[in-house]
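This report concerns only the one structure given below.
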Amino acid sequence: MKIKHLIKRILKLYKLEEVFTPNTAAKVTYVHRISLEQQLDKDLLQPGRAIIIYGHSGSGKTTLILNRLRHNKINFIKISCDHDTTYEQILLSAIDELDIFYVQQKSTNRKYSISQKLGAEFKSFKADNEKSQTVTFGQTSTRLVNPQITAQKLAKFLGEVHAVLLLEDFHKVGEGEKQKIADLVKIFIDAANDYPQLKIICIGAVDTPRELIQQGADLYPRVSEVAVPLLSDDEVQEIIKKGTKVLNVIMERALVDKIKFYSNNIASLAHKMCFDICYQEDILKASFKKKRIDDSKFRVAVQSFIDSNSDSFKRVYDLSTKDSLGWYILKTISSFSKPMDTNSIIKRVNNKQHSFNKSDIESKLNSFVSDEFKILRYDGNSCKYSVSTPFWGAFLKMKLAMEKAEKEKNNKNRKNPNLRIKNVDEPGNDILMLFLNEIQRQQELTK
């Protein structure tokens, strides 16, 4: 086995950015998740079955489905959605992406042949699409859709090249667009009678299957809902193990344990910390000489994360605490090391002094879980909320301690407020002062 890996390193010296990929789907360090892979392989095989993949941000949804599409040699085009994405923009983007099959004729995962008639029709559509007008409203420009570009036509073009449509973050689109996407799913399901390999796959956040399926009751039996949980500690460790192996690096056990803890089972965080540590150690590609990294280098990863995210954390915190309810919720949850259910949060937030409305508290909790904030995490199995990452946990404790010290300073007219942190021995507090130093540095710069 050692000889096999040595030969691989000789033939392919991986670069650091190919191994640890915090912003893109993992390939070299892909971790197999057998039961999920089996479920997806089965769903991909069935004609006329749409797939909704959902889970927490960072659970590996996109990495998982891209791996299975490539493994099964299935052609696909991927469209990323955001809050401004419209149904018409999805159609336009899909036509643009199909260019690789119909015009460039590049090799793909699965062989296909395009009829001369349909090929000519696509090129005509493409030409008309490129000539389509752009209408500007204020600072926003929108391309007008050729009336001939319909969901049925898109299904035909995709079906001809044995491809599936992958909609990433479909949950972000506006409520008015979700009905149109549900209609698109129905059209693709029906079109599978003529094109068995045609399929639509939607990737979204927790609870998004309900958002889509409630748009059309007849979707329920024809859609597979695949819940992707966050990575386990063992799976995070496997990412580290695979990456360090191809780079010929040994990370000491204490360092691996810290990366696992601070990643909070989020793959992208584990990748980022590993990338930062290796980069700082000048490990930019695989080497024949083995290098050992001890846990003293972990501070590099933490400092890098804080340097690049402290301003974003502050912005989100300020937005979250614009009203007193948001502040009390974050104070309550950050004060407890264990996850809390809704009733416990309501009881502690209201305590003896307040009487916040239950629905307002629930609404605020949901917003803190959303992609806009990502401060909290909600576990659907235990029905409990917790701080999303140890980084957020440390930041919240630091901010609350600073606010308390500032209040004491104002009340007692003290020049040097006493900054006290509760439970200083808890895991995660070793980064708290780094956050404090960075925030204080930013405050000095703005004076």
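The values are calculated or read from the model by the stated rules, or taken from the named source; none is laboratory data. Note that this is a predicted model, so its numbers are computed, not measured. Glycine also receives a Cβ, built like all others from the backbone with ideal geometry; neighbour counts cover every protein chain displayed.
Evaluate the following for LYS172: is it basic (Lys, Arg), out of contact with any Pro (no Cβ under 7 Å at 6 or more places or on another chain), buried (at least 19 other Cβ atoms within 10 Å of the Cβ) and within 25 Å of ASN265 (Cα to Cα)?
yes
Considering ILE293, ILE361, ILE306, ILE329, which residue is closer than 25 Å to MET273 by Cβ, at pLDDT 95 or above and among the aliphatic types (A, V, I, L, M)?
ILE293
Please count how many residues of the stretch 200-231 are outside any strand (DSSP E or B) and within 16 Å of the chain's Cα centre (by Cα).
Residues in the stretch 200-231 being outside any strand (DSSP E or B) and within 16 Å of the chain's Cα centre (by Cα): 8 in total.
Can you confirm whether the stretch 281-289 contains a residue that is charged (D, E, K, R), touching a residue at least 12 places away in the same chain (Cβ under 8 Å) and crowded, with 21+ Cβ neighbours inside 10 Å?
No; the residues of the stretch 281-289 include none that is charged (D, E, K, R), touching a residue at least 12 places away in the same chain (Cβ under 8 Å) and crowded, with 21+ Cβ neighbours inside 10 Å.
Between THR134, THR142, which is surrounded by 15 or more Cβ atoms within 10 Å (Cβ to Cβ), over 28 Å from HIS32 (Cβ atoms), modelled with pLDDT under 90 and not aliphatic (A, V, I, L, M)?
That would be THR142, the only listed residue that is surrounded by 15 or more Cβ atoms within 10 Å (Cβ to Cβ), over 28 Å from HIS32 (Cβ atoms), modelled with pLDDT under 90 and not aliphatic (A, V, I, L, M).
For (1) in contact (Cβ under 8 Å) with a residue 24 or more places away in the chain; (2) over 27 Å from the mean Cα position of the chain (by Cα), each residue gets a yes or a no:
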{"residue": "LYS331", "(1), (2)": "yes, no"}
{"residue": "SER344", "(1), (2)": "no, yes"}
{"residue": "ASN350", "(1), (2)": "no, yes"}
{"residue": "PHE356", "(1), (2)": "yes, yes"}
{"residue": "PHE368", "(1), (2)": "yes, no"}
{"residue": "LEU376", "(1), (2)": "yes, no"}
{"residue": "VAL387", "(1), (2)": "yes, no"}
{"residue": "GLU406", "(1), (2)": "no, yes"}
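If a residue has to be within 18 Å of the chain's Cα centre (by Cα) and either outside any helix (DSSP H, G or I) or within 14 Å of ARG299 (Cα to Cα) (or both) to count, how many in the stretch 232-250 make the cut?
Residues flagged as within 18 Å of the chain's Cα centre (by Cα) and either outside any helix (DSSP H, G or I) or within 14 Å of ARG299 (Cα to Cα) (or both) within the stretch 232-250 amount to 1.
Checking the condition hydrophobic (A, V, I, L, M, F, W, C), closer than 27 Å to VAL228 by Cβ, out of contact with any His (no Cβ under 6 Å at 6 or more places or on another chain) and surrounded by fewer than 16 Cβ atoms within 10 Å (Cβ to Cβ), which residue from PHE275, PHE261 passes?
Testing whether each residue is hydrophobic (A, V, I, L, M, F, W, C), closer than 27 Å to VAL228 by Cβ, out of contact with any His (no Cβ under 6 Å at 6 or more places or on another chain) and surrounded by fewer than 16 Cβ atoms within 10 Å (Cβ to Cβ) leaves just PHE261.
Among residues belonging to the stretch 150-175 that are more than 27 Å from the chain's Cα centre (by Cα) and among the basic types (Lys, Arg), point out the one that is farthest from LEU92 (Cα to Cα).
LYS156
Looking at LYS73, LYS42, which is the one that is without any contact (Cβ under 8 Å) to a residue 60 or more places away in the chain and part of a loop (DSSP other than H, G, I, E, B)?
Answer to the selection: LYS73.
Of everything in the stretch 216-235, what is of a type in the set (A, V, I, L, M) and either free of Cβ contacts under 8 Å to residues at least 12 places away in the same chain or touching a strand residue (DSSP E or B) at 6+ places or on another chain (Cβ under 8 Å) (or both)? Give them in sequence order.
Once the filter is applied, which keeps residues that are of a type in the set (A, V, I, L, M) and either free of Cβ contacts under 8 Å to residues at least 12 places away in the same chain or touching a strand residue (DSSP E or B) at 6+ places or on another chain (Cβ under 8 Å) (or both), the stretch 216-235 yields ALA217, LEU219, VAL223, VAL226, ALA227, VAL228.
Taking only pairs six or more apart or across chains, which ones have beta-carbon atoms under 8 Å, a first residue in the stretch 104-125 that is closer than 23 Å to LYS73 by Cα, and a second residue that is hydroxyl-bearing (Ser, Thr, Tyr)?
Pairs that qualify, where the first residue is closer than 23 Å to LYS73 by Cα and the partner is hydroxyl-bearing (Ser, Thr, Tyr), are ILE114/TYR102; GLY119/TYR102.
Looking at (1) closer than 30 Å to VAL300 by Cβ; (2) surrounded by fewer than 16 Cβ atoms within 10 Å (Cβ to Cβ); (3) in contact with a Pro (Cβ under 8 Å, 6 or more places away or on another chain), which is the one condition that is false for PRO196?
Evaluating PRO196 over (1) closer than 30 Å to VAL300 by Cβ; (2) surrounded by fewer than 16 Cβ atoms within 10 Å (Cβ to Cβ); (3) in contact with a Pro (Cβ under 8 Å, 6 or more places away or on another chain) leaves (1) as the failure.
Would you confirm, using the coordinates I've provided, whether LEU330 is buried (at least 21 other Cβ atoms within 10 Å of the Cβ) and in the same structural domain as LEU396 (by TED's automatic domain parsing)?
Spelling it out, LEU330 is indeed buried (at least 21 other Cβ atoms within 10 Å of the Cβ) and in the same structural domain as LEU396 (by TED's automatic domain parsing).
Answer yes or no as to whether GLU252 is touching a residue at least 24 places away in the same chain (Cβ under 8 Å), charged (D, E, K, R), closer than 19 Å to VAL206 by Cα and in contact with a helix residue (DSSP H, G or I) (Cβ under 7 Å, 6 or more places away or on another chain).
no
Answer yes if at least one residue in the stretch 56-69 is part of a loop (DSSP other than H, G, I, E, B), modelled with pLDDT under 90 and surrounded by 20 or more Cβ atoms within 10 Å (Cβ to Cβ), and no otherwise.
yes
In this structure, does VAL236 turn out to be in contact with a Cys (Cβ under 8 Å, 6 or more places away or on another chain) and at pLDDT 95 or above?
no
Test LEU36 against the stated conditions and say whether it is buried (at least 17 other Cβ atoms within 10 Å of the Cβ), modelled with pLDDT of 95 or more, in contact with an Asp or Glu (Cβ under 9 Å, 6 or more places away or on another chain) and under 23 Å from GLU211 (Cβ atoms).
It is false that LEU36 is buried (at least 17 other Cβ atoms within 10 Å of the Cβ), modelled with pLDDT of 95 or more, in contact with an Asp or Glu (Cβ under 9 Å, 6 or more places away or on another chain) and under 23 Å from GLU211 (Cβ atoms).
Hey, does the stretch 119-129 have a residue that's among the hydroxyl-bearing types (Ser, Thr, Tyr), in the same structural domain as PHE170 (by TED's automatic domain parsing), at pLDDT 85 or above and more than 28 Å from GLU175 (Cβ to Cβ)?
no
Can you pull out the residues in the stretch 339-376 that are hydrophobic (A, V, I, L, M, F, W, C) and in contact with a Gly (Cβ under 9 Å, 6 or more places away or on another chain)?
Matches in the stretch 339-376: PHE368 only.
Exactly one condition in (1) out of contact with any Phe, Trp or Tyr (no Cβ under 8 Å at 6 or more places or on another chain); (2) outside any helix (DSSP H, G or I); (3) more than 26 Å from ASN366 (Cβ to Cβ) is not met by LEU167; state its number.
(3)
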